[in-house]
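Everything on this sheet refers to the single structure shown next.
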2 protein chains.
Amino acid sequence: MTNRVRRTMPILPISIVMQLTDLTARQIRYYEEQQLISPARTEGNKRMFSLNDVDALLEIKDYLEQGLNVAGIRKLYETKVMPLNDQAEPKTLSDAELRSLLREEMKHQARPFSQASQRHGDLSRFFK
Amino acid sequence: MTNRVRRTMPILPISIVMQLTDLTARQIRYYEEQQLISPARTEGNKRMFSLNDVDALLEIKDYLEQGLNVAGIRKLYETKVMPLNDQAEPKTLSDAELRSLLREEMKHQARPFSQASQRHGDLSRFFK
DNA sequence: AAACAGATGTTAGATTTTCTAACATTAAAT
DNA sequence: ATTTAATGTTAGAAAATCTAACATCTGTTT
């Protein structure tokens with residue numbers, strides 16, 4: 001009775017993900033194009049999202065609001081600074097790269113990356 | 001991070017519910033027609049299912065496998081012997097009705113209704 | 001100021017998914 | 001042998017989603 005969803009199981013159509021995240025379909029597809037997420041596909045090529053995907057989208061949204069750009073977020077994911085995604089092989093950041101990311105964050109009053117802001121980043125708004 | 005889904009929120013399309021329950025679309029629609037479930041609808045009239053709906057379907061499936069028929073299951077739901085659904089107003093069963101239900105169960109080696117069989121009845125197969 | 005780039009909006013046309021309704025089949029009960 | 005409950009199958013319509021292209025907006029760079 002007290003089950004947690006297998007968070008990697010693709011069960012949600014894009015329409016529902018739009019509701020859960022307050023993102024447009026355009027935004028979601030763009031973030032996929034930019035390799036920030038990679039939702040599953042049905043046989044008929046429709047995207048199907050897992051709860052982890054939704055979490056990731058909420059984090060992405062939050063980072064964008066903090067002033068990061070897509071490239072910066074991608075870098076964060078690549079380097080596994082963030083634990084959320086089952087990502088490809090992590091690489092190490094050069095000092096220059098790291099400083100560049102940090103500087104970008106500084107520009108926008110952002111706290112250094114804890115789990116994004118606590119207001120978003122997971123589904124506590126919708127799940128209990 | 002460790003969230004349970006709001007189990008009444010309609011988030012699943014019928015295709016996914018088919019996978020989760022191993023029921024056909026025909027069966028699912030039939031059970032709705034027979035008032036065993038009442039999934040939400042999108043603006044465009046597509047069914048959207050909650051996790052509670054999926055639980056209910058798994059229970060229905062189990063009861064059918066135990067030899068109950070739809071009418072019997074409906075009666076069970078109506079009389080709130082089962083807690084699962086937010087059903088209409090419960091009525092009391094006449095003794096005759098109750099005996100009739102029980103007899104039907106007896107015919108098929110069924111244990112008296114605990115929460116259906118433990119093998120089904122909730123989503124532990126898919127959720128963790 | 002003009003040009004550019006990143007993020008998102010909008011639209012069109014094609015494809016997939018889901019819908020209802022009707023008729024068919026199967027197995028069990030009478 | 002009929003009848004009925006549950007499910008299968010099919011057809012045609014409507015909704016949801018897809019890709020691709022072009023538009024817009026905002027902030028940077030030259």
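Run the simple label-point estimate for B:Y30 and B:R125 please: 7 Å along Cα→C-beta, distance reported in nm. So the two model labels end up 1.9 nm from each other.
Legend: mean number of C-beta atoms from other chains within 10 angstrom of residue C-beta atoms, peptide A:48-60, equals 1.
Listed peptides A:25-32, B:48-55 appear in the order B:48-55, A:25-32 once ranked by packing, highest mean of other Cβ atoms within 10 Å at the front. Between copies, B:Q34 shows label-point distances of 5.0 nm, shortest first, with the point placed 7 angstrom from Cα along Cα to C-beta.
Legend: mean number of C-beta atoms from other chains within 10 angstrom of residue C-beta atoms, peptide A:11-24, equals 3. Amide H contacts under 5 Å for B:A40: B:M48, B:S50, restricted to partners 5 or more places along the chain or on a different chain, H placed in the peptide plane at 1.01 Å from N. Other residues with beta-carbon under 10 Å from the beta-carbon of B:P13 carry, at +1 per Lys or Arg and -1 per Asp or Glu, a net charge of +3.
I need the inter-copy label distances for B:N45: point set 7 Å along Cα to C-beta, values in nm with one decimal, smallest first. Reported distances to equivalent positions: 2.7 nm. Here the 3J(HN,Hα) profile of segment A:24-30, calculated from phi with Karplus coefficients 6.51, -1.76 and 1.60 at θ = phi - 60°, is 7, 4, 3, 5, 4, 5, 5 Hz, Gly and Pro shown as x. Distances between equivalent label points of A:T79 across the copies, with each point positioned 7 Å along Cα→Cβ, amount to 6.6 nm, shortest listed first. Shown in residue order for segment A:63-76 are the 3J(HN,Hα) couplings computed by the Karplus curve 6.51 cos²θ - 1.76 cosθ + 1.60 at θ = phi - 60°: 4, 4, 5, 7, x, 5, 9, 4, 4, x, 5, 4, 4, 4 Hz (x for Gly and Pro).
No lab work stands behind these numbers, since they all come straight from the coordinates. Since we're looking at a predicted model, the values are computed, not measured. Here Cβ is always computed from backbone atoms with ideal geometry, including for glycine, and neighbour counts include all displayed protein chains.
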